1. Could you name the aspartates and glutamates in cross-link range of K180, using Cα to Cα under 19 Å and dropping any fewer than eight places away on the same chain?
2. With a Förster radius of 30 Å, plug the Cβ-Cβ distance of R321 and D275 into 1/(1 + (r/R0)^6) and report the FRET value to the nearest 0.05.
3. Just by accessible area at a 1.4 angstrom probe, what is the order of W88, W273 from largest to smallest?
4. What are the radius of gyration and Dmax of the stretch 45-138, computed over its Cα atoms and given in Å?
5. What FRET efficiency comes out for the pair N151/I25, r = Cβ-Cβ distance, R0 = 30 Å, nearest 0.05?
6. Can you list residues from other chains, or at least 5 along the same chain, whose modelled amide H is less than 5 Å from the amide H of D188?
7. What is the Cα coordinate range of the stretch 99-211 on the first, second and third principal axes, sorted by size from largest, in whole angstrom?
8. At 1.4 Å probe size, with every protein chain present, just tell me what the per residue accessible area of the chain comes to in Å².
Amino acid sequence: VIAKVLGERGMSNLRKQIRDILGQIDIAVIKKSSLNKLREEAGRNNGASFKQSALPEGTEEYLRADNPRLQELRSRYANHPAADHSLWATEFLDRELKLPYFRGDNAYVFQTRRATEASYILSAYHVKSADKLNLLSRLQEDDLFGNFTFNFNDELTVSRDLLDSVMEINFLDQEIGITKIPDFTVLDIGAGYGRLAHRLVTGLPNVRSVFCTDSVAESTFISEYYLRFRKVDERAKVIPLDEIENVLTNNPVQLATNIHSFSECTLSAITWWLDLVARHKVRYLFIVPNNKEFTSCEKNGARSKFLPEITERGYRLKASRPKYDGATSVQRLGVFPSEFYLFELSA
Ligand SMILES: C[S@@+](CC[C@H](N)C(=O)[O-])C[C@H]1O[C@@H](n2cnc3c(N)ncnc32)[C@H](O)[C@@H]1O
């Protein structure tokens, strides 16, 4: 109505007057469409999103909240001490995860929040030069299940899934030579949709098994589906929470990994997992926390430090370094900078 009364010129004057008045108190008005574009360019989208890529046949039919397998896992996990959740409560999952698009920017792997196409390209240059194992040329990437991918010089398709996995595997090889240990066996705690397990067994022929475990029923359910879909489930095995003790008793593992997971757990859940790895004498523990303070996430929002819990169980820091080691600019501006920490159980 106002536009009709004032006409185009009047509207333009009105906009100018509003801008002038608000400008005096340091406020700017911006069109919603322009704001969204700016947010996108700055990589500051706050919510979950996914690439509208096609889904493989049968995905939507299987990955449903009412799937009996998911219901079964939920009831099996309900009262387990490691499933004493804070952040990973039902509301978080409802908001952050659309089951069929589990590889989108969501609770598992932030991709377009806090990162732009430019940060992907910058990171890809670094990863390419740091990838001593040449994994980038051997591992493939696609946009299935909502994954955001970026074209790197028409040479490679990259994503956070791929770049992070390549850096993590190279770090583990530099520190403990995982490519040279015959029948290497890994336990991935808080394995998400199976990202690292998929990359480890595809990239390293000497890896006999990666056991993926988790206290969130949805993660077990999705990773079972994903690793089966990638046809790596003979070596990348998903172990439900209530079976992990038994599996470790019969299958010793040399390395346990925990990537962006303990930081999202309560201290009581973390200590349950640390007791498990110490009891089974897992030699190496690789942790990528969400911050350098190694803080947990408690139900009341408090944060407790879990580093002392690691050392109290006999683990000593063997190595640590930034994800984009030796490149401070990439560590500042690249995709999701973080720190790698490797602990070793004292003899
Ligand atoms: C941010 S995601 C990271 C997933 C995966 N590690 C990766 O890097 O792709 C956090 C993971 O921690 C798991 N998680 C949350 N609470 C947990 C708990 N109490 N015990 C074990 N895992 C938990 C979630 O289910 C999810 O798989």
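The values are calculated or read from the model by the stated rules, or taken from the named source; none is laboratory data. Everything quoted here is computed from the prediction, not taken from an experiment. Positions of Cβ are backbone-derived with ideal geometry, glycine not excepted, and every protein chain shown enters the neighbour counts. Note: accessible area is taken over every heavy atom of the protein model, side chains too, but ligands, DNA and RNA are not part of it. Shrake-Rupley method; radii C 1.70, N 1.55, O 1.52, S 1.80 Å.
1. Qualifying aspartates and glutamates at Cα under 19 Å: D131, E168, E344.
2. Computed FRET efficiency for R321 and D275 comes out at 0.60.
3. Greatest to least solvent exposure: W88, W273.
4. Gyration radius and largest Cα-Cα distance of the stretch 45-138: 17.4, 46 Å.
5. Values: r = 44 Å, r/R0 = 1.46.
With R0 = 30 Å, the Cβ-Cβ based efficiency is 0.10.
6. Under 5 Å from the amide H of D188: F211, C212, T213, T257.
7. For the stretch 99-211, the Cα extents along the three principal axes come out at 38, 34, 20 Å.
8. Ligands and nucleic acids excluded, the result is 49 Å² per residue.
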